[in-house]
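Below: the structure, in C-alpha cells.
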C-alpha cells in the first residue's frame with residue numbers, strides 16, 4: 001500500500017543519456033500531491049526529458065537511451081509497468097508539449113476529443129461526452145470558433161495551438177499536468193494569460209470518467225523563463241549540469257545567492273515571436 005504522505009513524483013538518482021549526450025546525472029526530484037513545481041533550465045538543457053521520463057519516455061524508441069535510477073509516479077516505478085498499466089497511468093496524465101504536439105491531419109475538435117474517443121470507446125457513450133467536454137473547454141479559453149468542423153492545426157497561430165493542446169490535456173480529468181515550455185516565444189501579456197489558465201482551477205465537468213482524479217491537481221512545468229512563472233509556482237527547481245537543484249519558493253528564489261541561479265538568470269534572454 002502506498003503511503004499517502006509519500007511524494008507523488010520522485011526521481012531517485014536518475015541519470016539519462018540520449019544519443020551519447022548526458023542530460024541528467026544522478027538527479028533527484030520530489031513533488032508532493034497538489035504542488036505546482038516549475039523546472040527552469042536553458043534551451044536544450046534536457047527539461048523536456050524530465051517530463052518524458054515520468055511517462056516512461058514515449059516516442060523515443062529509435063534513440064539510443066542510457067538510463068539509471070528510479071522514476072516514481074504515484075508509488076509506481078514507471079519503467080517497471082507492463083504495457084496495460086503504463087497506458088492506464090498515461091491516460092491519467094495531461095501532457096502539453098512545446099508547440100502543442102497536435103495531429104496535423106485531424107481537425108481541432110478531433111484533436112481535443114481524441115483522448116476520450118480512444119481510451120473509452122468501448123465503455124462509454126463517448127461521442128456525446130467528448131463533444132460536450134470539448135465545447136466547454138474551448139469556451140473556457142474563449143476559442144469557440146476553433147471547434148468548427150474541418151479547421152486544422154495548420155490554420156492556427158502559436159498561442160491557439162497551445163490552448164488546443166491544453167484543452168486536450170484536460171479532457172480526461174488528469175491528476176497530473178505536465179507542461180513543456182509552452183510560453184516561449186509569446187509576448188508577455190499572452191504568456192501571462194496562458195499561465196493563468198494553466199495554474200488556475202481545472203475545469204469541472206458534469207460527466208464522471210472512470211479513474212477520474214480526486215483532490216488537487218499536481219503540475220510540473222518546464223521553462224527557460226523562470227521569472228515569467230515567479231508568481232505562479234509553489235516551488236522552483238533549476239536544471240543545471242545534469243542536476244535538479246531545489247531553489248524553494250518564490251521568496252527563496254528572490255533572496256537566493258546561489259551562483260548557479262545567478263548564472264542562469266544572466267544567460268537567458270527571452271525571444272518573442274510575433275502573434276498572429
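The values are calculated or read from the model by the stated rules, or taken from the named source; none is laboratory data. As the structure is a computational prediction, the values presented were derived from the model and not from experiment. Cβ placement follows ideal geometry from the backbone for every residue including glycine, while neighbour counts extend to all protein chains displayed.
Among the numbered conditions (1) modelled with pLDDT under 95; (2) under 20 Å from residue 162 (Cα atoms); (3) in contact with a helix residue (DSSP H, G or I) (Cβ under 9 Å, 6 or more places away or on another chain), tell me where residue 201 comes up short.
(3)
Any idea which of 166, 138, 146, 114 is closer than 30 Å to residue 29 by Cα, outside the structural domain of residue 6 (by TED's automatic domain parsing) and part of a helix (DSSP H, G or I)?
166
Looking at the stretch 103-111, is at least one residue touching a helix residue (DSSP H, G or I) at 6+ places or on another chain (Cβ under 7 Å), more than 20 Å from residue 243 (Cα to Cα) and either loosely packed, with under 14 Cβ neighbours inside 10 Å or not assigned by TED's automatic domain parsing to the domain that holds residue 140 (or both)?
Yes, the stretch 103-111 has at least one match.
Consider residue 42 carefully, then state whether it is crowded, with 17+ Cβ neighbours inside 10 Å and either within 19 Å of the chain's Cα centre (by Cα) or on the phi > 0 side of the Ramachandran plot (or both).
no
State yes or no: is residue 121 touching a strand residue (DSSP E or B) at 6+ places or on another chain (Cβ under 9 Å) and either surrounded by 17 or more Cβ atoms within 10 Å (Cβ to Cβ) or without any contact (Cβ under 8 Å) to a residue 60 or more places away in the chain (or both)?
Criteria not met by residue 121.
Conditions (1) within 23 Å of residue 50 (Cβ to Cβ); (2) surrounded by 23 or more Cβ atoms within 10 Å (Cβ to Cβ); (3) in contact (Cβ under 8 Å) with a residue 24 or more places away in the chain, marked per residue:
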residue	(1), (2), (3)
132	no, no, yes
138	no, no, yes
145	no, no, no
153	no, no, yes
160	no, no, no
164	no, yes, yes
167	no, yes, yes
171	no, yes, yes
177	yes, no, yes
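Residue 53 - would you say it is part of a strand (DSSP E or B) and touching a strand residue (DSSP E or B) at 6+ places or on another chain (Cβ under 7 Å)?
Considered against the rule, which asks whether it is part of a strand (DSSP E or B) and touching a strand residue (DSSP E or B) at 6+ places or on another chain (Cβ under 7 Å), residue 53 comes out as no.
Among the residues of the stretch 179-191, which ones are over 15 Å from the mean Cα position of the chain (by Cα) and either in contact (Cβ under 8 Å) with a residue 24 or more places away in the chain or on the phi > 0 side of the Ramachandran plot (or both)?
185, 186, 187, 188, 190, 191
Can you report the number of residues in the stretch 65-84 which are at pLDDT 95 or above and either within 18 Å of residue 20 (Cα to Cα) or in a helix (DSSP H, G or I) (or both)?
So the answer is 8.
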